[in-house]
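The next block holds one structure in the form of structure tokens; read it before the comments.
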Amino acid sequence: MGLSENDVAKQIQHMIAFIQQEAAEKVEEIEAKAEEEFNIEKSRLVSQQRVKIIEYYDKKEKQIELQRKIQHSNLANASRLSILKARDDYV
């Protein structure tokens, strides 16, 4: 009641096909997980760099605003000094 050689070959081919199918599914699973991890990491890095860029330009904006205030103050002081000198010369 043993299996014929042909039946054994069919069973082996069936087992090989099953193993190959399992391997293909595992490959797809690993690739999907790798793609998901890549997208998560990419998103994290993009967000991190976006925050750095925003902070950099906020800092630059504050520096420019400070320079503008200093320049305005210097012009106002120069104007006051000019007025005081003109008043002094008049007196």
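The values are calculated or read from the model by the stated rules, or taken from the named source; none is laboratory data. This structure is a prediction, so every number in the text was calculated from the model and none was measured. With ideal geometry, Cβ positions are generated from the backbone for all residues, glycine too; neighbour counts draw on all protein chains shown. The accessibility values were calculated without ligands, DNA or RNA, using every heavy atom of the protein model including side chains. Shrake-Rupley method; radii C 1.70, N 1.55, O 1.52, S 1.80 Å.
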### Message
I'm trying to understand the selection: among the residues of segment 70-91, which are open to solvent by less than 100 Å² (accessible area, probe 1.4 Å) and either among the hydrophobic types (A, V, I, L, M, F, W, C) or not in a helix (DSSP H, G or I) (or both)?
### Response
Ile70, Ala76, Ala78, Ile83, Leu84, Ala86
### Message
Among the listed residues Gln67, Gln20, Gln48, identify the single one that is part of a helix (DSSP H, G or I) and open to solvent by less than 100 Å² (accessible area, probe 1.4 Å).
### Response
Gln48
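Is at least one residue of segment 73-80 charged (D, E, K, R), at pLDDT 95 or above and out of contact with any strand residue (DSSP E or B) (no Cβ under 6 Å at 6 or more places or on another chain)? Working first, answer last.
Residues of segment 73-80 that are charged (D, E, K, R), as a first pass: 80.
Imposing the further condition that a residue be at pLDDT 95 or above reduces the set to none.
Taking every residue of segment 73-80 in turn, none turns out to be charged (D, E, K, R), at pLDDT 95 or above and out of contact with any strand residue (DSSP E or B) (no Cβ under 6 Å at 6 or more places or on another chain).
I'd like to check something: does segment 4-11 contain any residue that is part of a loop (DSSP other than H, G, I, E, B) and touching a helix residue (DSSP H, G or I) at 6+ places or on another chain (Cβ under 9 Å)? Working first, answer last.
Here is the first cut: in segment 4-11, the residues part of a loop (DSSP other than H, G, I, E, B) are 4.
Next, only the ones that are touching a helix residue (DSSP H, G or I) at 6+ places or on another chain (Cβ under 9 Å) stay: none.
No, segment 4-11 contains no residue that is part of a loop (DSSP other than H, G, I, E, B) and touching a helix residue (DSSP H, G or I) at 6+ places or on another chain (Cβ under 9 Å).
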